[in-house]
Structures are given as C-alpha cells and as structure tokens.
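The values are calculated or read from the model by the stated rules, or taken from the named source; none is laboratory data. Note that the coordinates shown come from a computational prediction; the quantities given were computed from them, not determined experimentally. So basically every Cβ, Gly included, is an ideal-geometry build from the backbone, and we count neighbours across all protein chains shown.
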Amino acid sequence: MDSLIKLFFSLSLFLSTSLLFGEINGVDGSNQNHHLYGFRPTKLFVFGDSYADTGNIKKSLASSWKFPYGITFPGKPAGRFSDGRVATDFLAKFVGIKSPIPYFWKDYAGKKRLQYGMNFAYGGTGVFNTHNPLPNMTTQIDIFHNLLTAGDIYSPSDLISSVALVSVAGNDYSNFISQNRSASEFPAFIKQVVDQTVVNLRRLHALGIKKIAVPSLQPLGCLPRITFASSFQSCNESQNLLVNLHNNLLQQAVAKLNNETKQSTFIILDLYSAFLTVFKNKGASPGSTRFESPLKPCCVGVSSEYSCGSVDEKGVKKYMICDDPKSAFFWDGLHPTEEGWRAVYSVLRQSLAASLIKA
C-alpha cells in the first residue's frame, strides 16, 4: 500500500482527462421510484474483507487477534480489524438484528444465534486472489451456496427477508501494486474489479437475496498509511482520482442492475462521501463525532518497520496507542475505529432508511 503514492501520482494526469463521469449522488444508482415496500430484513449475509470481517480470519494470519485490537469491544482481540465494532456490526444494528456469526465459528453457535445470518468475509481478501490461502469473494459465495444446498442451516426460503453486505475495500488494488505491474494497466484493472463485483452481485441476487448493499470505495488517499507523508494533514488527491473511477464505474453498473430487476435491489453505501463528510465535520450533524485530527491513527508502530500490535522477540510492545480511541477516526493505518464507523453510519443513516428498510 505504501507504493500507492508514486503509482497514483503517475496516473493522475491520465485520469484528470479521462474521468468524464459524475459524482456518486444516489444511494441505489437507479430510479428511486422502485422499492421493495414492506421489506424488513431479518438476516444479514456478509461477504468481503477486513472492513466487514468479525472473526473469520485465523489467529496465525492477522493482527486482528493481537492486543490492542478489540480493546473497546469486546474488551480483547476477537478478529475485528479495529478497537471495536466494524461496518458489519453497525449495518446489523441499523436493520435491527444481532451481528451475524462468522462462518468460522458456526459450529460453536446455537441455532438461535444462526438465525440472524452469517458473515463470510475474511480480512485481506478481494474479488480476485490476494493472499493465499484466504478465500476470495467468489469462494466466499461458493461457501454460502454450499450451505444453502445442504439445507442444514439455511434454505432458499430463508432468503426472502435477507440483505447482503458486499465489502470491496481495495485489497485487489494493493495486490496489483505489489506485483509491480505497469501503471498504464491500472484503469483497465479497475474495470476488471468492478466487472467481477457485478458478477458477484448478480450471483447473490440469483441465489435469492432480496437486497444487496455494496459500499463505494473509501478515499484510499486519506488512509493513514498514505497521509503519513503529510504528517496526517492532507489526503493524496491523485489516489482519490482513481478511487472516483472505481466508484463511478460501480454506480453505472448498479444502475444497470437495478434497471434489469425493475426494483432497487442493489444499493450503494457511499463510504467515499461519508468518510469525507466525517473528516470535515465541525461538531454539527451529520456525523455524531468531531475528530480533531481525523487522518491520524490511534494505534501506530514506533517506527516504519512496526505496525499496531507488533512486539519484538522478547514480547516488548513496538506500538503506541492514543489516550482515547473514541477521539480517533482511524484505528491503524487502514481501518476506522469503532467511533469512526459509528460516525460513518450516522452519515449513512438517512440514505439507508430511504433505500434499505421500507415500512
């Protein structure tokens, strides 16, 4: 991810002349006269990455199982890439259900706990292969499909009142950069990522899920790993130009999907605008929290070779934590704090109420 600065700068001139799309300003990307009136979700199925993972990734593979992750909730590391709750938890709360159990823990959950759906997201994954042996989104949907086919936990009839969260937070792009591929290939690769996301959305709809929420890509140029170069004072706008390309292609694709289904089945959660709204918030709504330094993370390594949760061979901590995680929007170099996610979903609340839940 650190090499994004150089790559995105080299592409900024290309994008400034070829980005001819408008900003994302709709929630469902389609004519909003079409809605599922009377729809009230009772199950949430989740697919994606670390912005949505609530405990699937193995302890040996991720920092999310190391202290100080989880210190706000549940009070210890539990697999969430934050000090507490993440996007999945806040979406579940919004629709009025408990956060769905991670797939990895399904055999330890009672039947009552499984009634709220299931989380198949794994931190570090993308729509394509990123980190083996982690399951990409296609494999995650395969697992879900197999559960439906087996019928032991869920059947197609259970999906009548279901909603899905499909999180794509940028791991495909980090993986692209790590392969040292030509910068000129990047715009075409963005289209490939969006096209594969559309394949995934179509597949979930075909399986019977009634509402599917897909977040826009957050402003990658504002992540602390990038804003470190400006002492956490400013975002890298060259990177955000590429993010806008992804998001505008996604909006076009979602509008097309909704025109095909004749209903607002597919919903864009506009994380890009929500993040920026929270960053600019001076204490008034929207956004429940004012963050004094929103681009500065709470948990950081003591030097560039260390990250949040790192310890040396003697077990000595090689990271620092801010005094109050609630005062920070970002927890580490990539992920929001629980309070950060709370503020984002405060911004999204109105659009969610208009598109996701119908009385």
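Some values worked out for this structure:
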{"read-out": "Residue within segment 189-198 that is on the phi > 0 side of the Ramachandran plot and in contact (Cβ under 8 Å) with a residue 24 or more places away in the chain present", "value": "no"}
{"read-out": "Subset of segment 314-345 (residues that are outside any helix (DSSP H, G or I) and hydroxyl-bearing (Ser, Thr, Tyr))", "value": "Tyr319, Thr337"}
{"read-out": "Flag for Leu134 being more than 27 Å from Leu348 (Cβ to Cβ), in contact (Cβ under 8 Å) with a residue 24 or more places away in the chain and in contact with a Ser or Thr (Cβ under 8 Å, 6 or more places away or on another chain)", "value": "yes"}
{"read-out": "Test: residue in segment 127-138 that is over 21 Å from the mean Cα position of the chain (by Cα) and over 14 Å from Thr54 (Cα atoms)", "value": "no"}
{"read-out": "Within segment 201-217, tally of residues that are under 27 Å from Asp332 (Cβ atoms) and either in contact (Cβ under 8 Å) with a residue 60 or more places away in the chain or of a type in the set (D, E, K, R) (or both)", "value": "3"}
{"read-out": "Residues that are surrounded by fewer than 15 Cβ atoms within 10 Å (Cβ to Cβ) and under 24 Å from Trp331 (Cβ atoms), drawn from segment 73-98", "value": "Pro74, Gly75, Lys76, Lys93, Lys98"}
{"read-out": "Looking only at segment 279-313, and only at residues there that are assigned to a loop (DSSP other than H, G, I, E, B) and among the basic types (Lys, Arg), the one that is modelled with the highest pLDDT", "value": "Lys296"}
{"read-out": "Single residue of Ser162, Ser182, Ser231, Ser157 found to be within 24 Å of Phe94 (Cα to Cα), surrounded by fewer than 22 Cβ atoms within 10 Å (Cβ to Cβ) and without any contact (Cβ under 8 Å) to a residue 24 or more places away in the chain", "value": "Ser157"}
{"read-out": "Subset tally (residues that are within 17 Å of the chain's Cα centre (by Cα) and not hydroxyl-bearing (Ser, Thr, Tyr)) for segment 88-100", "value": "7"}
{"read-out": "Selection status of Val302, farther than 28 Å from Ser346 by Cβ and in contact with a strand residue (DSSP E or B) (Cβ under 7 Å, 6 or more places away or on another chain)", "value": "yes"}
{"read-out": "Residue list for segment 80-125, restricted to those being farther than 24 Å from Glu339 by Cβ, in contact with a strand residue (DSSP E or B) (Cβ under 9 Å, 6 or more places away or on another chain) and of a type in the set (D, E, K, R)", "value": "Lys106, Arg113"}
{"read-out": "The listed residue being in a helix (DSSP H, G or I), among the charged types (D, E, K, R), out of contact with any Cys (no Cβ under 9 Å at 6 or more places or on another chain) and over 13 Å from Lys43 (Cα atoms), out of Arg203, Arg181", "value": "Arg203"}
{"read-out": "Residue count for segment 252-278, restricted to those that are acidic (Asp, Glu) and part of a loop (DSSP other than H, G, I, E, B)", "value": "1"}
{"read-out": "Contacts under 7 angstrom Cβ, first residue in segment 99-127 being at positive phi and surrounded by 16 or more Cβ atoms within 10 Å (Cβ to Cβ), partner at pLDDT 95 or above and of a type in the set (S, T, N, Q), 6 or more apart", "value": "Gly124/Ser50; Gly124/Asn171"}
{"read-out": "Condition check for Pro224: within 28 Å of Phe45 (Cβ to Cβ), in contact (Cβ under 8 Å) with a residue 40 or more places away in the chain and within 19 Å of the chain's Cα centre (by Cα)", "value": "no"}
{"read-out": "Gly29 vs. criteria in contact with a strand residue (DSSP E or B) (Cβ under 7 Å, 6 or more places away or on another chain), surrounded by 14 or more Cβ atoms within 10 Å (Cβ to Cβ) and modelled with pLDDT under 90", "value": "yes"}
